[in-house]
Each structure stands twice: as C-alpha cells, then as structure tokens.
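Asker: I'd like to ask some things about the structure below.
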Amino acid sequence: MTRDDFRFFHRLRVRWAEVDLQKIVFNAHYLMYFDTAITDYWRALALPYEAAMHQLGGDLYVKKSSLEFHGSARFDDQLDIGLKCARIGNSSMSFVGGIFRGHDLLVTCELIYVFADPTTQTSKPVPQALRDVLTGFEAGETIVSLQLGPWSELAAAARPVRTEVFLQEQRVPVDMEWDDDDETALHAVVINRLGMPLATGRLLPAVSGTARIGRMAVSRVLRGSGLGKSILQALMQAAAQRGDRQVLLHAQRSAEGFYRRLGFVPQGEPFEEAGIAHIEMIKAL
C-alpha cells in the first residue's frame, strides 16, 4: 500500500498524551486516528453526517476494525491518514486506510460499517444515493454543484441555509434577515449530491461600479471545506462579468481572515450589525 492508493488524506500531529515513555504512540490511538479521519472523509463528501443519515433513513455502525503495524509513530510526528471506500455490499461497506509519515507506511487498517435502522439497529440495504456519492468521490467526480440565479429560483435552497446560520445559530432577528434586496440580488447556492443545500450568498446590484456581496453562509459542520470560497469566487466572477469595478462586503470579524486571504482589505472602523462585530472590506475586480 502506498500514498498513491488514496485520494483523501487527513493530517494530524502526534501529541504527548498519545505516546508512552519511549515516545512511541500507544497502539490503541491508531484506531482513534482512523476514526478522526473518517469524520473528515464525510466532510470531503460534502455530507453533514447527522442530517445526511437522517435523510437516508439509517445510520452507520462499526462491524469490524483491524490494524496491521509496520512501524511506529513518535511524538511530534506529522502523520497523513489515507482512506478510501474499497467495497460496498448489500448492507455493508469496507474502508481501507493507511497512516503515513512522509512516504513511510506505518499502519494499515480495514474498517467495516453496516448501514442499519437507527431504532432497531437491524441492517438494511445501503441506499443507492449513498452508493453514488461514495463511488463518485472515489472516481474523482465533483461532489457538489454551484447554482447561480434569482431569488425566485433559488429561495427554496438558500432559505434553509440562512435560517440555520443566521436565525438559529447567530440569533439574528427575523426582520433583519429577510428583506426586499433578495428580489433584486443574484444568489449562489452550493448543493451536494443528495440535494442538500450547504452554502449560499448573494450579489446586490452595483452602485457607481461597486457591487455588494452579502448573506454569506455555510452550514456549520462543513465550514473550512472550501464551500464559502466557491460561493464568494462565483459571485465576484459574476460581478466582474457585468462590469463592476469592485466588490464590498460587511465581514463578521470572526471571518475577517477568510476574506483577507481572498484579497479583501478592511476600510473604516469596526461596527456592530445585528449585535455581531463587523468590518467593511473591499476588493478591486
């Protein structure tokens, strides 16, 4: 088994609490490493695990896990955990994985999961939709789609994401969230292969060559997976194509670093909006 056998990797660094007096990782921790990697594997599939399993009508339960040791990881090693779905049976699926330090293979594993009814924990067939997501991802297919359009076409997809992020998580007042600008804005929505909306944003009409991007929202469990970047880039491209000279947005201070990395610069003083600290940021097109 080599690194080339995998297209998905999760990275971690070995901590003191995970090693013995010889600074070698305790054997049991390798299973934890693979379990952590599985969590990120589902993120790579753009599947919010709990909501996705609820939609699919089941859940996954570990049936078998096995490890084979080829070397030892040590304190402060940077490790890469590769995973792939190797087989999907009627009600089970098998994952194989490898833990690498650089190109050195340290541990291999096999994890077998059974898709089952969460109430009775009796097995049931793996849904075709889940099969398609897994096989598509392993084949290198795109696992999300990005749609641009007016509110009349995308409201049904954008509304639940904004409700989750702004109304439920950030407790923005309802009368501040929904406004007339939705009707004139260009909206963007990212949707996964189960048809679940995951991220959204909107582009308002330009004023004197300056467009405004707003209502940027990504489902909490998938933040950091690149969905927000895709939304922002699509809206900026749309602004450039219609001739806008620059784009402006009100960034939450917690997301300021995200916008800086994409070329936005702050202007003016911080302010509060809906009780949340913001900073105005701008970028030339």
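Asker: For segment 188-285, with only Lys/Arg (+1) and Asp/Glu (-1) charged at the beta-carbon, what is the dipole magnitude about the Cα centre, in debye rounded to 20? Mind dumping the intermediate values first?
Answerer: Numbers: 13 positive and 6 negative charges, 87 e Å.
Dipole size: approximately 420 debye.
Asker: So what is Rg over Rh here for the chain, counting just Cα atoms and using Kirkwood for Rh?
Answerer: On the way: Rg = 22.2 Å, Rh = 21.4 Å.
On the Cα set of the chain, Rg over Rh gives 1.04.
Asker: Also: Find out how many positive minus negative residues lie around residue 178, taking Lys and Arg as positive, Asp and Glu as negative, among other residues whose Cβ is under 11 Å from that of residue 178. Walk me through the numbers on the way to the answer.
Answerer: Numbers: positive: 159, 162, 215; negative: 175, 177, 179, 180, 181, 182, 183.
With Lys, Arg at +1 and Asp, Glu at -1, the neighbours total -4.
Asker: Let me ask another. Give a residue-ordered list of calculated ³J(HN,Hα) values for segment 248-260 (Karplus: 6.51 cos²θ - 1.76 cosθ + 1.60, θ = phi - 60°; whole Hz; x for Gly, Pro).
Answerer: Each residue's phi maps through the Karplus curve to give 10, 8, 9, 8, 5, 4, 5, 10, 4, x, 4, 6, 4 Hz.
Asker: Dipole magnitude of the chain about its Cα centre, charges +1 at Lys/Arg Cβ and -1 at Asp/Glu Cβ only, in debye to the nearest 20?
Answerer: In total the dipole reaches around 600 debye.
Asker: Take every DSSP beta bridge whose two residues both sit in the chain, then give the antiparallel share in percent to the nearest 5. Could you put the intermediate results ahead of the total?
Answerer: Values: 67 of 70 bridges.
Around 95 percent antiparallel, to the nearest 5.
Asker: Based solely on its DSSP helices, what 222 nm [θ] is calculated for the chain when runs of n ≥ 4 H residues each add -39,500 (n - 2.57) and the sum is averaged over all residues, nearest 500 deg cm²/dmol? Could you put the intermediate results ahead of the total?
Answerer: Numbers: 8 runs with 77 residues, N = 285.
Estimated from H runs of four or more residues: -8000 deg cm²/dmol.
Asker: Which net charge results when you count Lys and Arg as +1 and Asp and Glu as -1 among the other residues whose beta-carbon is under 11 Å from that of residue 231?
Answerer: Values: positive: 202, 215, 229; negative: none.
Overall, the nearby charge balance is +3.
Asker: Jot down the per residue volume, in cubic angstrom and as a whole number, of the convex hull over the alpha-carbon atoms of segment 125-194. Numbers along the way, then the final one.
Answerer: Values: hull volume 8.2 nm³, N = 70.
Looking at segment 125-194, the number lands at 117 Å³ per residue.
Asker: Angle, helix 128-138 long axis vs. longest principal axis of the chain, Cα atoms, 0 to 90°, nearest 10?
Answerer: 90 degrees
Asker: If you don't mind, another one. Just going by the charge dipole of the chain, with Lys and Arg at +1 and Asp and Glu at -1 on Cβ, which of 275, 22, 118 is farthest out on the positive end?
Answerer: So the residue we want is 22.
Asker: Something else now. Order the peptides 101-110, 173-182, 208-217 from the highest to the lowest mean number of other Cβ atoms within 10 Å of their residues.
Answerer: Numbers: 101-110: 16.0, 173-182: 12.0, 208-217: 19.2.
Final packing ranking: 208-217, 101-110, 173-182.
Asker: Over segment 66-215, one equal point on each Cα, no solvent: what is log10 I(q)/I(0) by the Debye formula at q = 0.10, 0.15, 0.16, 0.19 Å⁻¹?
Answerer: -0.63, -0.93, -0.96, -1.08
Asker: Relative contact order for segment 3-138: what is it in percent, counting Cα pairs under 8 Å that are at least 6 residues apart? Present the calculation step by step, with values, prior to reporting the outcome.
Answerer: On the way: 242 pairs, mean separation 38.0, N = 136.
Across segment 3-138, relative contact order equals 28 percent.
Asker: Moving to a separate point now. Sort 25-31, 130-136, 1-7 by packing, meaning the average of other beta carbons within 10 Å per residue, with the highest value first. Before the final figure, lay out each step's value.
Answerer: Working: 25-31: 15.6, 130-136: 17.1, 1-7: 12.9.
The peptides rank, most packed first, as 130-136, 25-31, 1-7.
Asker: Using the Cβ atoms and a cut-off under 10 Å, what net charge is assigned to the surroundings of residue 16, where Lys and Arg are +1 and Asp and Glu are -1?
Answerer: Working: positive: 15, 23; negative: 18, 76.
After counting each charged neighbour, the total is 0.
Asker: Give me the tail of P(r) for segment 93-167 as a percent: Cα-Cα pairs with distance above 21 Å.
Answerer: Details: 1698 of 2775 pairs.
So the portion of pairs separated by more than 21 Å is 61 percent.
Asker: What is the projected area of the convex hull of the Cα atoms of segment 34-83, averaged over all directions, in nm²?
Answerer: Working: hull surface 19.3 nm².
The directionally averaged projection comes out at 4.8 nm².
Asker: Viscosity 1.306 mPa s, temperature 10 °C: give me the Stokes-Einstein translational D for segment 144-284 in µm²/s, with Rh taken as the Kirkwood radius over C-alpha pairs.
Answerer: Numbers: Rh = 15.2 Å.
Reported coefficient: 105 µm²/s.
Asker: Show which lysines lie in cross-link reach of residue 23 when reach means a straight Cα distance below 18 angstrom and same-chain residues fewer than eight apart are skipped.
Answerer: none
Asker: Then there is this: About its Cα centre, what dipole magnitude does segment 58-161 give when the only charges are +1 on Lys and Arg Cβ and -1 on Asp and Glu Cβ, stated in debye to the nearest 20? Don't skip to the end; give the middle numbers.
Answerer: Details: 9 positive and 12 negative charges, 58 e Å.
Computed about the Cα centre, the dipole is about 280 debye.
Since every read-out is calculated from the coordinates, none of them should be taken as a lab result. Predicted model only: the values in this text are computed from it and were never measured. In this analysis, Cβ positions are derived from the backbone assuming ideal geometry, glycine residues included, and neighbour counts consider all displayed protein chains.
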